[in-house]
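Below is one structure; the comments refer to it alone.
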Amino acid sequence: MSGGRGVVETAGVVVGLAAVVGLLLFGLDLPLGGGADRPEAAGGQRTAERRQAPAPGPALERRVVVVSVDGLTPGALETVGRAGAPAMWSVLDGGASTMDARTDHDLTVTLPNHTGMVTGRTALPELGGHGVVWNEPVLGAVVPGDGSGEVGSIFTQVHAAGGSTALFTGKPKFEVFPTTWPNDVDRYVFEPGAARLTRLAARELRTERPDFLFVHLAQPDNAGHASGWMSAPYLDAVEDADASVGRLLEVVDATPELRRDTVVVLTTDHGGRGRGHGDPTAPVEYRIPFAVAGPGVATGDLYALAPGLTDPGAGRPGMDDPAPVRNCDVANVAAAVLGVAAVPGSQCVAAEEMTALLGVG
Ligand SMILES: [Zn+2]
């Protein structure tokens, strides 16, 4: 394509950015090729896709692939075991990891926690957070912040350093990210069919090799709402999500350039119980896995490797308490691994305590 910065490509048609921002993408049925699995989700969700020409720049030292498995609990990983979730366990076992990380302190729902992952902030604006306190897709919405100015993101940091970014998601609500940072999310794909989303993300990884790739897998959360957390269908969905993770890891392993420099971060937005989640005081919702694995990254218990962090045990520490690992640490862990500046305004700074185990600093 001939466009430079500020131009996006949607379904092969190059259009001006202004025409795309605010466009209702949920309703587009884009001809992305075959795939009998699409769509898997109910509610008439369709695919949305856009691509922007990445800014040319020097290569970053490493790459980061973040995989967030929606609604994944430590108990689910332990129940299906290494036989049921070999890919996720390979990340947990092969890197610095813990089953005792934390969600956002105040909200255990999807969009606030994922916004935390990319901004490094807590949610509530009165705490200086990113301000995404809603969990529905809202057309044209942007990350509001706490009223003190623009909200930074890991997409912005990577782009400012000359790197490329991509976001692949199984839920349409993530549209708020490319809407908020239209110049910094180079590639955005929403696809409710998990198998198809996995294929598209794997292809992106193999062919484009983005410096920062964020993949959101929705299978466990969808099954949890339909059949209950820890039900047989939910555990099947955890295994299905593991197959998606495995496909991405296969691409990394099969590509020498990726195998040499790709660090994988695995975590989730929240747990769940019954057929839902949304009680931030429930341990089964706020206690989550977090793992970092790849070249240069230490192996073992994350809290033992980073003594500046505090294992919260069964507790629910607030932002002023000794810091545990939180899912909002994704942003600055990625920044540290990539060698780019920490996200401005970020509050989740466990990466500073993790530099040695991440192979930086
Ligand atoms: Zn949910």
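Coordinate-derived values only; no laboratory data. Values in this document were obtained by computation on a predicted structure and should not be read as measured data. Methodologically, a virtual Cβ is constructed for each residue, glycine included, from the backbone with ideal geometry; neighbour enumeration extends over all protein chains shown.
Here are some notes:
- DSSP-loop trypsin sites (Lys or Arg not before Pro) across the stretch 176-220, with at most 13 other Cβ within 10 angstrom: none
- 3J(HN,Hα) along the stretch 150-157, derived from phi through the Karplus expression 6.51 cos²θ - 1.76 cosθ + 1.60 where θ = phi - 60°, amounts to 4, 9, x, 8, 5, 4, 5, 5 Hz, with x in place of Gly and Pro.
- Projecting the Cα atoms of A48, G75, H159 onto the charge dipole of the chain, computed from C-beta unit charges around the Cα centre, puts A48 farthest toward the positive end.
- Annotation: the residues S90, S346, sorted from fewest to most other C-beta atoms within 10 Å of their own C-beta, follow the order S90, S346.
- Here the Karplus curve 6.51 cos²θ - 1.76 cosθ + 1.60, taken at θ = phi - 60°, turns the phi angles of the stretch 193-205 into couplings of x, 5, 5, 5, 4, 4, 4, 5, 5, 5, 5, 4, 4 Hz, with x standing for Gly and Pro.
- Shape class of the stretch 175-329 from the Cα gyration tensor (axes a ≥ b ≥ c, square roots of the eigenvalues): oblate, since a/c reaches 1.5 or more and a/b does not exceed b/c.
- Footprinting exposure proxy for L124, L200 (fewest neighbouring C-beta atoms within 10 Å first): L124, L200
- What the phi angles of the stretch 260-268 give under the Karplus curve with 6.51, -1.76 and 1.60, with θ = phi - 60°, is a coupling list of 6, 9, 9, 9, 9, 10, 10, 7, 8 Hz, glycine and proline written as x.
- Think of the chain as having a plus end and a minus end, set by charges on the Cβ of Lys, Arg, Asp and Glu; of T180, V251, P317, V251 sits farthest toward the positive end of this dipole.
- Scanning residues 5 or more positions from S164 or on other chains, those with amide H under 5 Å from its amide H are D211, F212, with H placed 1.01 Å from N in the peptide plane.
- The charge dipole of the chain, taken about its Cα centre with unit charges on the Cβ of Lys, Arg, Asp and Glu (plus for the first two, minus for the last two), comes to roughly 780 debye.
- Beta bridges per DSSP with both ends in the chain, % antiparallel, nearest 5: 45 percent
- Given in Å, the Rg to one decimal and the Dmax to the nearest whole number for the Cα atoms of the stretch 59-353 are 17.0, 48.
- Residues L357, L197, L139 arranged by fewest to most Cβ contacts within 10 Å: L139, L357, L197
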